[in-house]
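The values are calculated or read from the model by the stated rules, or taken from the named source; none is laboratory data. Keep in mind the model is a prediction, meaning the values are calculated, not measured. Glycine gets a Cβ as well: all are built from the backbone with ideal geometry, and neighbour counts include every protein chain shown.
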């Protein structure tokens, strides 16, 4: 069994990424841990450490809140099963939204957004995709490779080309790490896609399971290492007096969002806000 230190390292380094995958990975670790150590003090310590690894992503937080109320291995099994099945349920709900020959833009690497796109392709919609590179870690390259594997036509673009290409797309589909009353929290740059989509009168969809609904009062946008933005090894020179900031997420407000595709159905912003009260 991996140690808690190894699990946290894998999450912080983005070897395990995406709010849902972080939750599943953490729950699988917790199942082994709790089978050995139980649900007492060590459980409390470990869950706090896990939650602090990626504080913006809310799925793990919500799962842990459920687990703390019902401390059983079967609760962990139920949560893992729910998360694993939710993606397919989300994909099924999308059939009415995506039309034949749609050109879709997406950002970063979202399992739920990809499931929606792949399901549309499997249903014979003959779609194509524009994927953003997604700086600074280039998660969009992973998205492009995954789409290529199932033969979906895909074009990879730089993040700053979003405005140039938005006129050519029919809709944007992104994932989400947290869904809050302020808007949807997703990979940095998502709000720029939303601005461009609104300006060009394009549809903007978010694919996310309802365990991403975030009612926390305290909310943190994670900022990551400046080394992801600037590496002295690759760009020799002195930048000691330059402040480098690297937020991992931003918030897209509800006025830019057409709908959220969940395992419970397609929800308009007003419906989501009612759930979040």
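Please go through segment 115-158 and pick out each residue that is part of a helix (DSSP H, G or I) and closer than 28 Å to residue 227 by Cα. Spell out the reasoning first.
To start, the set of residues in segment 115-158 that are part of a helix (DSSP H, G or I) comprises 115-122, 139-149.
Selection gives 139, 140, 141, 142, 143, 144, 145, 146.
Please go through (1) at pLDDT 95 or above; (2) more than 26 Å from residue 82 (Cβ to Cβ); (3) surrounded by 10 or more Cβ atoms within 10 Å (Cβ to Cβ) for residue 231 and return the number of the only condition it doesn't satisfy.
In the conditions (1) at pLDDT 95 or above; (2) more than 26 Å from residue 82 (Cβ to Cβ); (3) surrounded by 10 or more Cβ atoms within 10 Å (Cβ to Cβ), residue 231 misses (1) alone.
Would you check if residue 201 is without any contact (Cβ under 8 Å) to a residue 12 or more places away in the chain and touching a helix residue (DSSP H, G or I) at 6+ places or on another chain (Cβ under 9 Å)?
no
Test each condition in (1) touching a helix residue (DSSP H, G or I) at 6+ places or on another chain (Cβ under 7 Å); (2) surrounded by 13 or more Cβ atoms within 10 Å (Cβ to Cβ); (3) free of Cβ contacts under 8 Å to residues at least 40 places away in the same chain for residue 78 and report the one that comes out false.
Going through the list (1) touching a helix residue (DSSP H, G or I) at 6+ places or on another chain (Cβ under 7 Å); (2) surrounded by 13 or more Cβ atoms within 10 Å (Cβ to Cβ); (3) free of Cβ contacts under 8 Å to residues at least 40 places away in the same chain, residue 78 breaks only (1).
When segment 193-208 is examined, which residues are found to be in contact with a strand residue (DSSP E or B) (Cβ under 8 Å, 6 or more places away or on another chain) and either modelled with pLDDT under 95 or not in a loop (DSSP other than H, G, I, E, B) (or both)?
193, 194, 197, 198, 203, 204, 205, 206, 207
Go through segment 161-188 residue by residue and tally those that are within 11 Å of the chain's Cα centre (by Cα) and not in a loop (DSSP other than H, G, I, E, B).
Adding up the residues that qualify gives 7.
Based on this model, can you work out whether residue 11 counts as farther than 26 Å from residue 190 by Cβ, assigned to a helix (DSSP H, G or I) and either outside the structural domain of residue 250 (by TED's automatic domain parsing) or in contact with a strand residue (DSSP E or B) (Cβ under 7 Å, 6 or more places away or on another chain) (or both)?
Answer is no for this residue.
So, of the residues in segment 135-155 that are farther than 22 Å from residue 188 by Cβ and touching a strand residue (DSSP E or B) at 6+ places or on another chain (Cβ under 8 Å), which turns out to be surrounded by the most Cβ atoms within 10 Å (Cβ to Cβ)?
152
Which condition number does residue 243 fail, the rest of (1) closer than 30 Å to residue 128 by Cα; (2) part of a loop (DSSP other than H, G, I, E, B) being met?
Failing condition for residue 243: (1).
Here are some conditions: (1) outside the structural domain of residue 168 (by TED's automatic domain parsing); (2) surrounded by 19 or more Cβ atoms within 10 Å (Cβ to Cβ); (3) at pLDDT 95 or above. Residue 17 meets all but one. Which one does it not meet?
With respect to (1) outside the structural domain of residue 168 (by TED's automatic domain parsing); (2) surrounded by 19 or more Cβ atoms within 10 Å (Cβ to Cβ); (3) at pLDDT 95 or above, residue 17 is out only on (3).
Return yes when residue 97 is assigned by TED's automatic domain parsing to the domain that holds residue 147 and either surrounded by fewer than 22 Cβ atoms within 10 Å (Cβ to Cβ) or within 21 Å of residue 225 (Cβ to Cβ) (or both) and no when it is not.
yes
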